[in-house]
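*Asks:* One structure, pasted below without further comment.
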Amino acid sequence: MFIQTESENTAINAVYGSACAGFRAMTSSASTAMSLKQEGISHIAYIEMPAVIVDMMRGGPGLGNILATQNDYNQAVKGGGTGDYHTIVLAPSSVQEAADLTRLAFELADKYRNPAMVLADGTIGQMVEQVEFPEAIEPEDLPERDYALTGCRGRAARKAEPKNSAEELEAHNLHLQEKYAKCEKEEPRSESVETDDADVVIVAFGFVSRIAHGMVAELREEGFKVGLFRPITLWPFDIAGLRKAVENAKAVVVLEHNAGMMCNDVRMFLEGKKPVYFHGRMGGSIISEDAVKPKLRSIIKGIEDWRELDGKQGLWKTF
């Protein structure tokens with residue numbers, strides 16, 4: 001069933017109510033509209049309801065434009081609403097993955113009774129690619145939701161209410177943290193390409209990882225050992241997978257269509273054990289291979305003035 005609501009706030013609360021009634025429900029928006037849904041997402045996490053939210057990111061801050069970026073990373077991964085909660089965040093790099101990860105989002109949302117988000121740059125939302133869909137699931141074949149508010153004839157009433165005392169609210173928060181710890185242990189997903197012997201490992205997610213994948217193949221043909229680490233779950237992030245992927249590398253290069261949001265996390269996860277370079281484009285501009293490949297070659301060669309090799313073409317940072 002599709003329902004057109006009058007606002008983003010109404011949409012997320014319609015999902016909230018549908019989940020409480022025992023239905024699988026989702027909503028989708030693009031960046032600015034996601035800001036209006038954060039209070040509802042926080043409530044859904046608090047009350048432990050499964051829900052799926054799709055965010056096809058566009059340029060910001062503020063109203064921005066309708067061009068593709070990755071500038072919602074912090075809002076999605078860090079949680080844009082109040083409280084100590086997490087949203088499970090999945091980042092597709094293709095239209096096929098957008099379909100597959102949306103299905104997975106419903107499964108993880110049900111498993112952890114928590115909101116799950118499919119976070120894709122708007123490029124993915126505007127691409128046309130062949131997709132193979134798995135067999136459909138009939139609603140009546142889904143497991144019974146023993147928490148659903150279906151009327152209490154023949155059973156005790158079910159209710160969810162605010163935890164007003166400090167003791168009750170802390171106990172509930174500790175319960176949520178135990179759930180998130182289990183999710184962090186069991187659900188990280190990532191892809192590593194040619195990282196075993198790589199001198200430089202690129203870290204990128206979503207559409208940008210496709211650009212990086214092409215650069216890895218081209219530079220490998222030139223004899224430069226470059227690899228790619230692609231996080232598929234942005235939360236929980238595959239920290240162990242990242243550390244393994246860069247174990248033998250001289251340096252790490254993070255590519256994003258933002259000012260370095262994931263890069264800050266990568267630096268934290270690597271604990272200063274590897275030099276980290278960052279290149280980002282914003283406002284809907286696309287990362288150019290011609291701007292990045294000379295940098296990668298110079299890092300491998302050990303050229304100190306690598307930043308002066310060509311035009312800026314975006315934001316560069318060195319850590």
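*Asks:* Largest first and to the nearest Å, give the Cα extent of segment 1-91 along each principal axis.
*Replies:* For segment 1-91, the Cα extents along the three principal axes come out at 36, 31, 21 Å.
*Asks:* Now a separate question. Can you tell me the alpha carbon radius of gyration of segment 159-224 divided by the globular rule-of-thumb value 2.2 N^0.38 Å?
*Replies:* Details: Rg = 21.7 Å, N = 66, 2.2 N^0.38 = 10.8 Å.
Taking the Cα Rg and dividing by 2.2 N^0.38 Å, one obtains 2.00.
*Asks:* Continuing with the same structure: Assuming 1.567 mPa s and 4 °C, estimate D for the chain with Stokes-Einstein, Rh taken as the Kirkwood radius over Cα pairs, in µm²/s.
*Replies:* Details: Rh = 20.9 Å.
Diffusion coefficient, whole number: 62 µm²/s.
*Asks:* What order, most packed first, do the peptides 171-183, 128-140 have when packing is the mean number of other Cβ atoms within 10 Å of each residue? Kindly include the intermediate steps, with their values, before the conclusion.
*Replies:* Values: 171-183: 14.0, 128-140: 7.9.
Packing proxy ranking, top to bottom: 171-183, 128-140.
*Asks:* About the Cα centre of the chain, what is the dipole size in debye to 20, counting +1 per Lys and Arg Cβ and -1 per Asp and Glu Cβ, all else neutral?
*Replies:* Values: 35 positive and 47 negative charges, 125 e Å.
Around 600 debye, computed over the chain.
*Asks:* Apply the a/c threshold of 1.5 to the C-alpha gyration tensor of segment 187-319 and tell me whether it is rounded, prolate or oblate. Don't skip to the answer; put the middle values down first.
*Replies:* On the way: a/c = 1.42, a/b = 1.19, b/c = 1.19.
Rounded, since a/c falls under 1.5.
*Asks:* Highest mean first, how do 20-32, 192-204, 115-127 rank when packing is the count of other Cβ atoms within 10 Å averaged over residues?
*Replies:* Working: 20-32: 19.1, 192-204: 21.5, 115-127: 23.8.
Sorting 20-32, 192-204, 115-127 by mean packing, highest first, produces 115-127, 192-204, 20-32.
*Asks:* Okay, moving on. Below 8 Å, C-alpha to C-alpha, sequence gap of six or more: please give me the relative contact order for the chain in percent. Don't jump to the answer; show the numbers that get you there.
*Replies:* Numbers: 585 pairs, mean separation 52.0, N = 319.
Across the chain, relative contact order equals 16 percent.
*Asks:* Related question: Just how many % of Cα pairs in segment 215-271 lie over 17 Å apart, if you round to the nearest whole percent?
*Replies:* On the way: 670 of 1596 pairs.
Tail of P(r) above 17 Å: 42 percent of Cα pairs.
*Asks:* At each listed q (0.13 Å⁻¹), what is the log10 of I(q)/I(0) that the Debye formula gives for segment 1-159 modelled as equal alpha-carbon point scatterers?
*Replies:* -0.62
*Asks:* Peptides 249-260, 100-111: what's the order by average Cβ count within 10 Å, highest mean first? Show your work: numbers first, answer last.
*Replies:* On the way: 249-260: 22.6, 100-111: 19.2.
So the peptides 249-260, 100-111, ranked by packing, come out 249-260, 100-111.
*Asks:* If you don't mind, there's one more thing I want to ask. Beyond 21 Å between alpha-carbons counts as too far, so tell me which of K250/K293; K225/K301; K111/K179; K78/K179 fall in that bin.
*Replies:* Values: K250/K293 16 Å; K225/K301 11 Å; K111/K179 10 Å; K78/K179 16 Å.
Distance filter (> 21 Å) returns an empty set.
*Asks:* Considering only the chain, what is the antiparallel percent among its DSSP beta bridges, to the nearest 5? Walk me through the numbers before you get to the answer.
*Replies:* Working: 11 of 38 bridges.
Roughly 30 percent of the beta bridges in the chain run antiparallel, per DSSP.
*Asks:* Could you pull out every residue, at least 5 positions away or on a different chain, whose amide H is within less than 5 Å of the one on E191? Hs are placed 1.01 Å off N in the peptide plane, and Pro or chain starts have none.
*Replies:* R230, I232
Laboratory data are not the source of any read-out in this text; all were calculated from the coordinates shown. Only a predicted model underlies this, so the values are computations on that prediction, with no experimental measurement involved. All Cβ positions, even for glycine, are placed from backbone atoms using ideal geometry, and neighbour counts span all protein chains on display.
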